[in-house]
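Let me begin by presenting the structure, written as structure tokens, before commenting on it.
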Amino acid sequence: MDDGSDPGEEALDAYSRVVTSVAERLIPSVASLRVRQRVRGAGVDGAGSAVVITPDGFMLTSAHVVGGTNRGSASFVDGREVAFDVVGRDQLSDLAVLRLQGDGFASAELGEAAGLRVGQLVVAIGNPMGFSGSVTAGVVSALGRALP
């Protein structure tokens, strides 16, 4: 029996519902970072994205974003701008932990990486080139790879 519905359209709608649900839940936890780094004695402005991982203001970002500085500011989609300090960084994993001044922040729930499967849907939210709240989606392409 043909009810006129397109199975491809139904799948796309389900996909869209997942992506929009993740975006609505996580965009308040994602910040646009501004930093001033020292490079060869000169001040250079930098930018990146970070995600709040605890309500008391700990954030996770890429170590290269805050590589030449110990502080900066984080802007949220609700208009708040909050100062942060770098509390730790690991160049090998390219991860850094920041601490926002204040508390009561919307935090993202972290998943368990051991449960990831190749082909699983993933959603990325960030602030490329300062465009806050940008969302993209894709799939896990591989697991267990190491960078040289």
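Quick notes on this one:
- Computed over the chain, relative contact order equals 23 percent, with contacts defined as Cα pairs under 8 Å that lie 6+ residues apart.
- Nearest-ten-degree value, helix 7-26 long axis tilted from longest Cα axis of the chain: 30 degrees
- Global form of segment 44-91, assessed from the alpha-carbon gyration tensor, a/c cut-off 1.5: oblate
- Packing-based ranking of 16-24, 51-59, 138-146 yields 51-59, 16-24, 138-146, ordered from highest to lowest mean Cβ neighbour count within 10 Å.
- For the chain, the Kirkwood hydrodynamic radius comes to 17.1 Å, computed from all pairs of different C-alpha atoms.
- Within the accessible area of segment 80-148 (1.4 Å probe), percent carbon and sulfur: 55 percent
- Think of a 1.4 Å ball rolled over the protein heavy atoms: segment 8-148 then has 63 Å² of accessible area per residue.
The values are calculated or read from the model by the stated rules, or taken from the named source; none is laboratory data. Bear in mind the structure is a predicted one, so any value in this text is a computation, not a measurement. All Cβ positions, glycine included, derive from the backbone under ideal geometry; neighbour counts span all protein chains shown. Surface areas here come from the heavy atoms of the whole protein model, side chains and all, with no ligands, DNA or RNA. Shrake-Rupley method; radii C 1.70, N 1.55, O 1.52, S 1.80 Å.
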